[in-house]
Amino acid sequence: MTKLTSDGARRLFAEIVALEGLLESDRDWNDDPDWLLLPVTKRHTAFKRHTTLSAYDRIREPTVDDATKAAGEIGVQLRRFYEMLAEWTAGGRRPQVLVPHRALAEQRKTRLGDIAVANRVRSIIARYLKDNPTASPGAVVRHVHVTWGSAGGLPSDVTIRNFHDQALVDLRHTPGTLSVKVMDGEEERSIGSSRLGEVLVIDHTAPAHVVLDEKGTPVPTLTLAIDLWSGALVSVEVTDDYPSPTAVAEAIADGVFRLGLDDVPSQAKPTIVMATTFEPGWDVLRANLQKDGFKVIERRDRRLHHGSFAKPLIGPKLAGMQLQPQLASKRQSRPAMVDASKTAIITRHDLELMIERAVTRRIRELAPDLPERHVIRPGQPKKLKRMRAVDPTRRKVREWLTAVVVETLGNGILKRDPHLEKEADGSWRVTVSVSPEADQTRAWLDLARAAIGLDDDEGVEVRFDLVSNDRGPNPGRA
């Protein structure tokens, strides 16, 4: 176990990113989920080994003393050093080959030693899932208890849940056979779907052993929109806070956009199945969805229920990440401590991009004739890429943002994605959050000059706020 403060873990991560940038490679580091999801100390160890082996490799006629010295630098025996050198050379002299215990941490394995008991648990779960493919983990546990009867040796509930996870990895849904159970008043009813995009199920979860490269290293919350017909994800909204109506709205908008349903008539809009609470924000979300033509089926309670839909529909993993729904409702204390030997650190953009690829790949399998509509692309913030509004001026303003804020000001200056909002007078307000060390005056002038040009060329008026950590907003208008 390697416990580091949040800042210490981020410094180690920054060192890794710098090393990645210095290393010539024909492969994009951010295009490799196996690499991105490695615990930060394993990535750092791989680079330390790579640096040592590279130095040894440059010696024209290395001696045993040279090899012994290099082996000592990376803490391995001489024999293991030679084995590692051979693996590294055969693997194209890439640091990925040198990751300690290279295989990613698999989902939890049960320690149940009695093979007969293990096989019986697997058999009970497999038979139950055949008739109830979207059964909740709790329902599976209860079924095993009932089926087991009075015979001794019943495994713990945690062990049964682990077997359930393993069964879900191999389970392949037949499109059109899935359903979810929701409460309708005091009665439970089953909701099914007959086509792609007819019903979207909303749920919230979080990845295990993954934190964001942001202040406090928060665990990301993933708000999912799942197509019920296929059991496939159609969108994921990444946030660093509790599940919220805003995240649900974003996930629905992304999913509808990706499936090409953003401009269809109301009768063709998806039905939304989601959990809500009595807080006003959920009432606003429901009203807005119904106003836009969506039918809403909700499970409303004093606390937000989540995690019961995702695992049965999409399984226990997403884009290689083990999912742990309970983390979505827990916020860690700050300053946070990070177990760098078990935890991966990842930027929000890389996480979104990794998920985007997994979602796009699955939709392509289900609907190869459906035109691909990406929510995010490499190098482009998510909020700038999404072009889902009918209002043509929104598209112009977003294009302006992409060209000016991202390219002129540069990603290194931006602290987070710009926020775009239409005001009552028809103008657009753009909030641009920049780093405190950025040249504020130059950024201000670049924005103002571009905004004036947009007004002259397109007749679109933009009002903007420039915000940093140590300075208040500087409202401007052109």
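The values are calculated or read from the model by the stated rules, or taken from the named source; none is laboratory data. A quick note: this is a predicted structure, and the numbers were derived from the prediction, not measured. So basically every Cβ, Gly included, is an ideal-geometry build from the backbone, and we count neighbours across all protein chains shown. All accessible areas refer to the heavy atoms of the entire protein, side chains included, with ligands and DNA or RNA removed. Shrake-Rupley method; radii C 1.70, N 1.55, O 1.52, S 1.80 Å.
Calculate one ³J(HN,Hα) per residue across the range 64-72 by plugging θ = phi - 60° into the Karplus curve 6.51 cos²θ - 1.76 cosθ + 1.60, and present them in order as whole Hz with x for glycine and proline.
Values, residue by residue: 5, 5, 4, 5, 4, 4, 5, 4, x Hz.
First measure r as the distance between the Cβ atoms of Glu279 and Glu73, then evaluate 1/(1 + (r/R0)^6) with R0 = 56 Å and state the FRET efficiency to the nearest 0.05.
Efficiency for this residue pair is about 0.50.
Relative to the compact-globule scaling 2.2 N^0.38 Å, provide the ratio for the alpha-carbon radius of gyration of the range 262-367.
Normalised by 2.2 N^0.38 Å, the Cα Rg of the range 262-367 equals 1.35.
Quick check: pseudo-label points 7 Å beyond the Cα along Cα→Cβ at Ala448 and Asp131, how many nm apart are they?
Between Ala448 and Asp131, the simple spin-label model gives 7.4 nm.
Carbon and sulfur together cover what percent of the accessible area of the range 216-339 at a 1.4 Å probe radius?
50 percent
Could you compute how much accessible surface Lys330 exposes when probed at 1.4 Å, giving the result in Å² to the nearest 10?
Surface accessible to solvent at Lys330 totals approximately 120 Å².
How would the range 125-280 be classified by its alpha-carbon gyration tensor: rounded, prolate or oblate, with rounded meaning a/c under 1.5 and the a/b versus b/c comparison settling the rest?
Oblate shape, in that a/c is at least 1.5 and b/c is the bigger or equal ratio.
With labels modelled as points extended 7 Å from the Cα through the Cβ direction, what inter-label distance (nm, one decimal) is found for Arg303 paired with Asp157?
The modelled label-to-label distance comes out at 1.3 nm.
Ignoring ligands, DNA and RNA, how do Trp229, Trp148 rank by accessible area with a 1.4 Å probe, largest first?
The ranking, largest first, comes out as Trp229, Trp148.
State whether the range 212-275 is rounded, prolate or oblate according to the following rule on the C-alpha gyration tensor (a ≥ b ≥ c being the square roots of its eigenvalues): a/c under 1.5 gives rounded; otherwise a/b larger than b/c gives prolate, and the remaining case gives oblate.
The shape class here is prolate.
Given the pairs Lys317/Lys342; Lys48/Lys317; Lys42/Lys330; Lys42/Lys311; Lys42/Lys215, which are separated by over 19 angstrom at their Cα positions?
Violating the 19 Å Cα-Cα cut-off are Lys48/Lys317; Lys42/Lys330; Lys42/Lys311; Lys42/Lys215.
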